[in-house]
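A.B. asks: Here's a structure for you.
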Amino acid sequence: MYRFLLTPRWWGINLFVVLAIPFCVFMGTWQLGRFEDRVQSHEQATKQPDPSTRAAEPLDELLPVDKVTSGRPAIATGTYADQFLVPGRELDDRQGFYVLNLLRTDSGKALPVVRGWLPGTAGSVPVPAAPEGEVTVTGDLQASENVNSNGVNSRGGLPEGQLGMISAATLVNLVDYDVYDAWVTLPETEAGGTGGAMKPVPAAAPQGSGLDLKAFQNLGYTGEWFVFAGFVLFMWFRLVRREAETARDVALGLVAEDASAESADAESAGADAGASERLDSSEAPESPEVPKPTETVPAAEPSETANRP
């Protein structure tokens, strides 16, 4: 009954099913793994102790910045160099700007240090000077900003000495030395001590560590791929069942094997015959009308009175 599965047509169907189901299962499992990774990172972020209670570590030991090292206190030693202002940054529901200095370390690379936040418009407010000489700073480590970070101005067109984004990719175009692909924000004691009026900038939570929209998108894609796999299997069983029922009916003589073909031929022949009859009737020439013979009227005989002299 199921010998039809070995026909060339069914070989193609079976091959498609054998390839499609494992692919859908693999993609669904991969999306589920992405969702589980985001859940795990969210749990780690919530269980992570307060950075202020952790001992500071050397900067090089915490690089590169990831979800685990983001927000942890880092120590760096060097001298302050170029200063930049980062406008359009909000703190305590007030608009202001960051004060950022590059700390030149012994390695020759510079570490961006956000010394604090000031209210007002960048360039119109006096900025406290950075300490001179060699200093050792301890700040909360942060990853470089991108276009999706809060407060970032990616449009450009800022005045000289101002930045729209705190990132190494932006700073290397403004200075002639290498810059770390990270930055630190100073705690309250140092920010207040260096400027007095400046407020410390709180460390931001690492991006992609919470149950955001992307996490639930991964979960939705997981369900879609598993549904696709089930749909392929369902359609294969449905086609096999219908083909088997047809083969059984033919074997029992309930349905002639070529019944449908004969019916189609009969309908085609009937249609051709009808068309031929219509064609014959339309092309037959009309018989010409035979004119009726005209009746001859005999000439009147001359009257006898006219012949008399």
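A.B. asks: According to a simple spin-label model (label point 7 Å from Cα along Cα-to-Cβ), what is the distance in nm between VAL125 and ALA169?
C.D. replies: The answer from the label model is 2.9 nm.
A.B. asks: If you don't mind, there's one more thing I want to ask. Tell me the label-point distance for the pair LEU19, ARG238, using the 7 Å Cα-to-Cβ offset, in nm and rounded to one decimal.
C.D. replies: 2.3 nm
A.B. asks: May I ask you to sort ARG155, ARG72, ARG242 by Cβ crowding, counting other Cβ atoms within 10 Å and putting the fewest first?
C.D. replies: The most exposed by this proxy come first: ARG155, ARG242, ARG72.
A.B. asks: Please report the antiparallel percentage of DSSP beta bridges with both residues in segment 71-195, rounded to the nearest 5.
C.D. replies: 90 percent
A.B. asks: Could you work out how far apart the two model spin labels at ALA251 and THR136 are, taking each label as a point 7 Å from the Cα in the direction of the beta carbon, and quote it in nm?
C.D. replies: Rounded to a tenth, the inter-label distance reads 8.9 nm.
A.B. asks: If I take R0 = 35 Å and measure r between the Cβ atoms of ASN146 and THR7 in this structure, what FRET efficiency does the formula 1/(1 + (r/R0)^6) give, to the nearest 0.05?
C.D. replies: Step by step, r from the Cβ atoms, then E = 0.05.
FYI, it's all coordinate maths here, none of it is from the lab. Keep in mind that this is a model prediction, so the values were computed, not measured. Counting neighbours? That spans all protein chains shown, and the Cβs are built from the backbone with ideal geometry, glycine included.
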